[in-house]
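Asker: Below is one structure. I have some questions about it.
The values are calculated or read from the model by the stated rules, or taken from the named source; none is laboratory data. Nothing here was measured: the structure is a model prediction, and the numbers come from that model. When we count neighbours, we look across all protein chains shown, and the Cβ atoms used for this are built from the backbone with ideal geometry, even at glycine. Calculation scope for accessible area: heavy atoms of the full protein, side chains included, ligands and nucleic acids excluded. Shrake-Rupley method; radii C 1.70, N 1.55, O 1.52, S 1.80 Å.
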Amino acid sequence: MENLTQAAYLVAAALFVFSLRWMSHPKTARRGVAAGVGGMSLAVVGTLLHPEIIAFHWIAIAVVVGTAIGIPLSRVALTAVPQRTALSHAFGGLAAGLVGTAKYSLWLGEGELTAFRTGAIALEVFLGFLTFTGSLMAAGKLQEVIPTRPITYRGQNFINFGLLVIALFAAVGLVIDPTLWALFPVLLALSLTFGVLLILPIGGADMPTVISLLNAYAGLAAVAMGFVLENKVLIIAGALDGSSGLILSIIMCRAMNRSFTNVLFGAFGQVQASTKGAAEQKPVKSVTAQDVADLLEMARDVVVVPGYGLAVAQAQHRAFELYEQLQKRGIRCRFAIHPVAGRMPGHMNVLLAEANVPYDALVEMDEINPDLAQVDVAIVVGANDVVNPAARHDKSSPIYGMPIIDVDKCKTVIANKRTMNPGFAGIDNELYTADNTLMLFGDAKAALGEVVKALASESGMGH
Amino acid sequence: MHPIDFWSMTFVFMLATFVGFDVIRNVSRLLHTPLMSLTNAISAIAVVGSIIIAGEQKTTFSTVLGTIAVAASVTNIVSGFLITDRMLKMFRQQSGKR
């Protein structure tokens, strides 16, 4: 029996690797999901063969409950995918934390706790529960149940660090004497608190990094669980998840020119106090949707730069209609995607794919930048800091050094904004006052809709 | 636990991490959102540990925790795979593209 179980785990682990490998291209990606499902089914069947399992009714009930929650969670609107993802990290963390707690209580009763087991459990419980509350906080912020702005107070980093040290002491105490069970609830409470405190100072724009980081923690919690249960398929799947989260966090940090510690302990909200309002007020040039349509008619190469504002306004379908109108006229239209646009890695791509924009029209920042000088019109929709030229030259700017999409190099820039209020970081964007920039004020969905309408009516006139 | 077991697990962890880095680095940036929901579903393999704890029924406490853990993991498995597939279905190429 044990051989059969292990063989099932072995095949499952291989299928998981294939599953991720097939994600390298949209053409093979769906095969990746099938491989993942296959691997998971094998692993579950292999586990159910375990002779230690004497009753199935609780498992069956839990499966029903999990399925009942899981199906609606898989049908959320794509704008809500970041929240859903954060929520699933929370569930992953919770499962790891609970299994660790159960194992501790069982082994404590049986006198089977060794220093190694206790250490692994302590790590599993700490990572699991901190991921649980941290991800719930992140989901709350993304859903705007909790204020999205960074919440900071004096001595914040000191308190967080202090909690971490106390948690470490509790864990070390448990490893030295595993029967000191009173330390366990202390560790548990500290982990739960630490998760909350860690996310409090995180602002909305840092969410892509934080979600990726929580992804890595959830993976590492699964790895720790694998060490506790001496289960290699858990270690492998957890390591794959952990490395994925880590790579995504690194990509996000690079795209913002910031370090992990800066994201976690820097509370972006604080930094921009240093920005001077000294910039001389240059007038902005405002245009109508009709003007934009006329400009587009004459263009040959157009780039659209979407940001989180596009998701908020649900303007992705209008963006597709614009794309269609331009395609019809033989005008090249591409979407330039900044890695941190949106609230999670790849957010914009999914939204635009939902609206039917073919993926070959979605271009990464590094790929589009060299082309931008030849582009006739760039349309910035709901993006702000990722196109702020200050990031290139203004050393006093909080976003200095962040790689941006250089739309200011295009012949004409159309920037859509609701009002002239600065973006999340409260930084003035000199793009809006640049000589080649025209402002199209209004809600992204409505404004793009008007442009599309103007284009559509013009095409009737002898094109 | 025998020290050999610990070391063999650590080797597995190290190798899996290297494989993970290599495979993930090749994932198309277009697909980073589905990637996250897919790895999320995969790491819900934690269900394996939860099933044993819920099914061996050693104490009420452990059975309750195990059952909640199974429910949480199954939620991730079901919603993770389903939403990944739903998102991937939307990625299409330009029609008529050679």
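Asker: Going from most exposed to least, what order do A:E297, A:E144 have by accessible area with a 1.4 Å probe?
Answerer: Highest to lowest solvent-accessible surface, that is A:E144, A:E297.
Asker: Here is a follow-up. Relative contact order for the stretch A:331-463: what is it in percent, counting Cα pairs under 8 Å that are at least 6 residues apart?
Answerer: Worked out over the stretch A:331-463, it gives 20 percent.
Asker: Give me a single rounded figure for A:36-49: the average over its residues of other chain Cβ atoms within 10 Å of their Cβ.
Answerer: Mean partner shielding for this stretch: 4.
Asker: Reported to two decimal places, what Rg/Rh ratio describes the stretch A:1-124 when computed on Cα atoms with Rh from the Kirkwood expression?
Answerer: Radius of gyration relative to Kirkwood radius: 1.02.
Asker: Rank B:G66, B:G49, B:G80 by mean-square fluctuation in a GNM of chain B with C-alpha springs under 10 angstrom and give only the top-ranked residue.
Answerer: The residue that fluctuates most here is B:G49.
Asker: What percentages make up the Cα-Cα pair-distance distribution of the stretch A:82-127 when the bins are 5 Å wide from 0?
Answerer: 5, 24, 24, 18, 12, 8, 6, 3, 1
Asker: I've got another one for you. Between B:R92 and A:A182, with labels modelled 7 Å along Cα→Cβ, what's the label distance in nm to one decimal, could you check?
Answerer: Calculated label separation equals 6.6 nm.
Asker: Hey, what did chain A get for relative contact order, percent, Cα under 8 Å, at least 6 apart?
Answerer: Relative contact order comes out at 13 percent.
Asker: Mind jotting down the distance between the C-alpha centroids of the stretch A:361-416 and the stretch A:307-324, whole Å?
Answerer: About 18 Å separates the Cα centre of the stretch A:307-324 from the one of the stretch A:361-416.
Asker: Taking each pair of distinct Cα atoms in the protein assembly as shown once, what is the resulting Kirkwood hydrodynamic radius in Å?
Answerer: Every distinct Cα pair counted, the radius reaches 24.6 Å.
Asker: Taking the convex hull of the Cα atoms, report for the stretch A:82-202 its projected area averaged over all directions, in nm².
Answerer: Orientation-averaged projected area of the Cα hull: 7.2 nm².
Asker: Next question, about the same structure. Using DSSP to define loop residues, name the trypsin sites (Lys or Arg not before Pro) in the stretch A:57-159 whose beta-carbon has at most 13 other beta-carbon atoms within 10 Å.
Answerer: Answer by residue number: A:R75, A:R154.
Asker: Right, something else. Using the alpha carbons of the stretch A:283-403, what is the convex hull volume per residue in cubic angstrom, as a whole number?
Answerer: 126
Asker: Of the chymotrypsin sites (Phe, Trp or Tyr not before Pro) in the stretch A:36-143, which ones lie in a loop per DSSP and count no more than 13 other C-beta atoms within 10 Å?
Answerer: Qualifying residues, ordered by number: A:F56.
Asker: In whole percent, what relative contact order does chain B give with Cα contacts below 8 Å and a gap of six or more residues?
Answerer: 28
Asker: Can you give the helix-only mean residue ellipticity at 222 nm for chain A, where every DSSP H stretch with n ≥ 4 adds -39500 (n - 2.57) and the sum goes over all residues, rounded to the nearest 500 deg cm²/dmol?
Answerer: Here the helix-only value at 222 nm equals -19500 deg cm²/dmol.
Asker: As I understand it, the value is the acute angle between the Cα axis of helix A:26-48 and the longest principal axis of the Cα atoms of chain A; what does it come to in degrees, rounded to 10?
Answerer: Approximately 20 degrees, to the nearest 10.
Asker: Same structure, new question: Among the listed pairs A:K282/A:K395; A:K395/A:K445; A:K285/A:K453; A:K27/A:K409; A:K328/A:K453, which have their C-alpha atoms separated by more than 25 angstrom in this model?
Answerer: Result: A:K395/A:K445; A:K27/A:K409 exceed 25 Å.
Asker: Spin-label point model (7 Å from Cα, Cβ direction): what's the A:E110 to A:T261 distance in nm?
Answerer: 4.3
Asker: Run the helix sum for chain B: -39,500 (n - 2.57) per DSSP H stretch of 4+ residues, divided by residue count, reported at 222 nm to the nearest 500 deg cm²/dmol.
Answerer: Helices in chain B give a 222 nm mean residue ellipticity of -26500 deg cm²/dmol.
Asker: What residues of the stretch A:352-391 lie in the reach of a label at A:M298, counting those whose backbone N is under 15 Å from a point 7 Å from the Cα along Cα→Cβ?
Answerer: Under cut-off, by backbone N: A:376-378.
Asker: Over what distance in Å are the Cα centres of the stretch A:12-36 and the stretch A:53-112 separated?
Answerer: Value for the Cα centre distance between the two parts: 23 Å.
Asker: Separate question: What lysines sit close enough to A:K103 to cross-link, taking a C-alpha to C-alpha distance under 30 Å and skipping anything fewer than 8 places away on the same chain?
Answerer: Within reach: A:K232, B:K58.
Asker: Enumerate the whole-percent occupancy of each 10 Å bin, from 0 to the last occupied one, for all C-alpha pair distances of the stretch B:29-90.
Answerer: Result, from short to long distances: 25, 39, 22, 12, 3 percent.
Asker: Right, something else. Helix hunt in chain B: which complete DSSP H runs extend at least 20 Å axially by C-alpha with mean Kyte-Doolittle at least -0.5?
Answerer: The qualifying helices are B:3-25, B:60-90.
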